[in-house]
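Report on the following structure.
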Amino acid sequence: MVELESISQSGIIRNYVDGTWRDVTGDDELTTVNPATNEELATVPFSSEADVDEAVRAGNRAFEEWSNRPVEERIQPLFRLKTLLEEHQEELAEILVQDHGKTLAEARGELRRGIENVEVACGIPSMMQGGTLLNAAPEIDESAVRKPLGTFAAITPFNFPGMIPLWFLPYAVATGNSFILKPSEQDPLVPQRLFELIDEAGFPDGVVQLVNGGKDTVNALIDHDGIEGISFVGSTPIAKLVYEHAAENGKRVQAQGGAKNHIVVTETADLEFAAEKTVSSACACAGERCLANDVVLIEESVYEEFVDLVVAEAEAQVVGDGLDEKTDIGALISEDHETNVRNHIQTGIEEGATVLRDGRDVTVEDYEDGNFLGPTVFGDVTEDMVISQEEIFGPVLALDSVASVDDAIDRMNASRFGNAASLFTGRGADARKFRHEAEIGNIGVNVGTSAPMAFFHFGGWKDSFFGDLHAQGEDMIQFYTDKAIYIERWPEA
Ligand code: NAD
């Protein structure tokens, strides 16, 4: 059982509102489990409209003072938060593994990526500056400035509970806004611990708040007049709903959705390296990543050779409890999700794909109740098959041969998603073509998973994203501020 100060009395998750831990008053709740054992971890009560209202009011009260503080003062709690996150990184990683199921190495990497966003936001005094032009017109100087707007909310998914909140939170508060996080109800413990550290970092009351819950809590945030804007990360159908709902309410909104990502392997690629990266791209975090590249298109001349390498690499993966350092693939988030992935594998079989490796019969000694699946590898997966088109979010690879890089790009661009893609090649001309023609937000060449660093934006295209400004970096500063123009004339000067 994970012990946290904020839930130690009762095992019940709480909200962090106006600088204090509060009981949640909604009627619904969810019991969360350790996915490796299915033992109960905590109860997540869902916040009511009144809970949301309390947080939004506190956020707007805090905004009055916070937005007028010198920017140097605003970033000091972020420096303290960075230090606290680093000091507690190992403890947070262990909580994350037990709550989510991923491996320790993945949890450590995720937290590092989150901390990078805190570091980038500490540069806000430079990044938030506008521009000034002297003598823009006769006797007139003109400036463009950026201003914070009020209280923003972010709604985040289960697969990166330590990192994704930090795509938003540091930038929102550094620019002078108040911020409310509504994390996934499926693995709330890292956000809970994060807010214990936020409390220690010393933000003024109401500037950073945590509101737990599900669908109704999200709708209460979107419908609240006191919320300026919404950031969402999750599945495509919900991203679209949230985008439309928030836009209808006249709010700023950015909504990142699901994915179906491709890897293209040419005959000039280092095939062993490409096979290793392909399996880790598709199977890390048990396939529960929006950047997982799981459709693999291989030039005909090397198809058989590459298939053998992928199957051998898949066989070598160690499935088990994420806390065991030897584990490559941890547990899936829930029994329901494991069933979804199994159903997709069954669909692939019924569609006529060739089963090159079946990951369904894996057993993990002493963890018989966990939600484990080994890598499943399908060959001859044609474009029309469901397993080639829909996000599976499990350790399932779909391989097929293509005549050329052009054919691979055509097939990839026909997908309704555009989150990520990678090319493995030894030829610069292929790389250049791929880079120019891929209708994709995150493109990699000889890189298994093209995850942008915090100082670049993070976001996909097409049905993988609704909005215009993406997460992380400069885009977040634009999202969290509006521009104003000052025009000055001093004729006697
Ligand atoms: P999800 O859409 O089920 O849930 C995401 C959030 O939305 C949660 O906080 C949840 O409480 C809330 N929610 C659920 N149903 C809702 C509804 N009807 N109305 C309003 N809010 C609702 O997603 P998930 O299963 O937690 O996460 C996995 C998905 O997230 C995958 O599709 C994955 O590709 C995607 N994802 C995308 C990115 C990206 O950058 N594009 C990053 C991570 C995850």
query: For segment 159-181, what are the residues that are over 26 Å from residue 53 (Cβ atoms) and near the ligand (Cβ under 10 Å from one of its atoms)?
result: 159, 160, 163
- prompt: Restricting attention to segment 256-266, does a residue exist that is within 16 Å of the ligand (Cβ to nearest atom), of a type in the set (Gly, Ala, Ser), under 30 Å from residue 481 (Cα atoms) and surrounded by fewer than 17 Cβ atoms within 10 Å (Cβ to Cβ)?
  reply: no
statement: Here the residues within segment 229-250 that are more than 7 Å from the ligand (Cβ to nearest atom), more than 17 Å from the chain's Cα centre (by Cα) and surrounded by fewer than 24 Cβ atoms within 10 Å (Cβ to Cβ) are 229, 244, 245, 247, 248, 249, 250
- request: Select from segment 280-311 the residues that are in contact (Cβ under 8 Å) with a residue 12 or more places away in the chain, among the charged types (D, E, K, R) and away from the ligand (no atom under 16 Å from the Cβ) and list them in ascending order.
  value: 299, 300, 305
query: Pairs under 6 Å by beta carbon, first residue closer than 15 Å to residue 328 by Cα and assigned to a loop (DSSP other than H, G, I, E, B) in segment 361-390, partner open to solvent by 60 Å² or more (accessible area, probe 1.4 Å) and not hydrophobic (A, V, I, L, M, F, W, C), six or more apart or different chains?
result: 371/335
message: Based on this model, can you work out whether residue 195 counts as open to solvent by 10 Å² or more (accessible area, probe 1.4 Å) and among the aromatic types (Phe, Trp, Tyr)?
response: no
field: Residue within segment 298-309 that is closer than 27 Å to residue 159 by Cα and either assigned by TED's automatic domain parsing to the domain that holds residue 405 or open to solvent by 10 Å² or more (accessible area, probe 1.4 Å) (or both) present
entry: no
message: Looking only at segment 390-434, filter to residues that are aliphatic (A, V, I, L, M) and over 26 Å from residue 355 (Cβ atoms); which one of those is surrounded by the fewest Cβ atoms within 10 Å (Cβ to Cβ)?
response: 429
task: For segment 465-488, state whether one or more residues are closer than 27 Å to residue 344 by Cβ, modelled with pLDDT of 95 or more and open to solvent by 70 Å² or more (accessible area, probe 1.4 Å).
output: no
task: Kindly indicate whether any position in segment 466-482 is of a type in the set (A, V, I, L, M) and not assigned by TED's automatic domain parsing to the domain that holds residue 139.
output: no
In segment 312-360, the residues that are free of Cβ contacts under 8 Å to residues at least 40 places away in the same chain, among the basic types (Lys, Arg) and not in a loop (DSSP other than H, G, I, E, B): 342
query: Somewhere in segment 203-225, is a residue within 14 Å of the ligand (Cβ to nearest atom), in contact with a Gly (Cβ under 8 Å, 6 or more places away or on another chain), assigned by TED's automatic domain parsing to the domain that holds residue 92 and open to solvent by less than 10 Å² (accessible area, probe 1.4 Å)?
result: yes
query: Which residue out of 160, 179 is farther than 14 Å from residue 21 by Cβ and assigned to a loop (DSSP other than H, G, I, E, B)?
result: 160
field: So residue 439, is it open to solvent by 70 Å² or more (accessible area, probe 1.4 Å), acidic (Asp, Glu), without any contact (Cβ under 8 Å) to a residue 12 or more places away in the chain and not in a strand (DSSP E or B)
entry: no
- line: Exception for residue 339 within (1) open to solvent by less than 30 Å² (accessible area, probe 1.4 Å); (2) within 25 Å of the chain's Cα centre (by Cα) falls at (1)
- request: Please list, ordered by first then second residue, the pairs with beta carbon atoms under 8 Å, 6 or more apart or interchain, first in segment 230-246 and outside any helix (DSSP H, G or I), second within 7 Å of the ligand (Cβ to nearest atom) and open to solvent by 50 Å² or more (accessible area, probe 1.4 Å).
  value: 232/238; 235/391
task: Would you be able to say whether some residue in segment 358-372 is under 17 Å from residue 320 (Cβ atoms) and within 16 Å of the ligand (Cβ to nearest atom)?
output: yes
message: Return the residues of segment 169-185 that are surrounded by fewer than 24 Cβ atoms within 10 Å (Cβ to Cβ) and among the small types (Gly, Ala, Ser); say none if nothing qualifies.
response: 176
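The values are calculated or read from the model by the stated rules, or taken from the named source; none is laboratory data. None of these values were measured; they are calculated from a predicted model. Cβ sites come from the backbone with ideal geometry, for glycine too, and all protein chains shown count toward neighbours. Remember, those area values only see protein heavy atoms, side chains included, never the ligands or the DNA or RNA. Shrake-Rupley method; radii C 1.70, N 1.55, O 1.52, S 1.80 Å.
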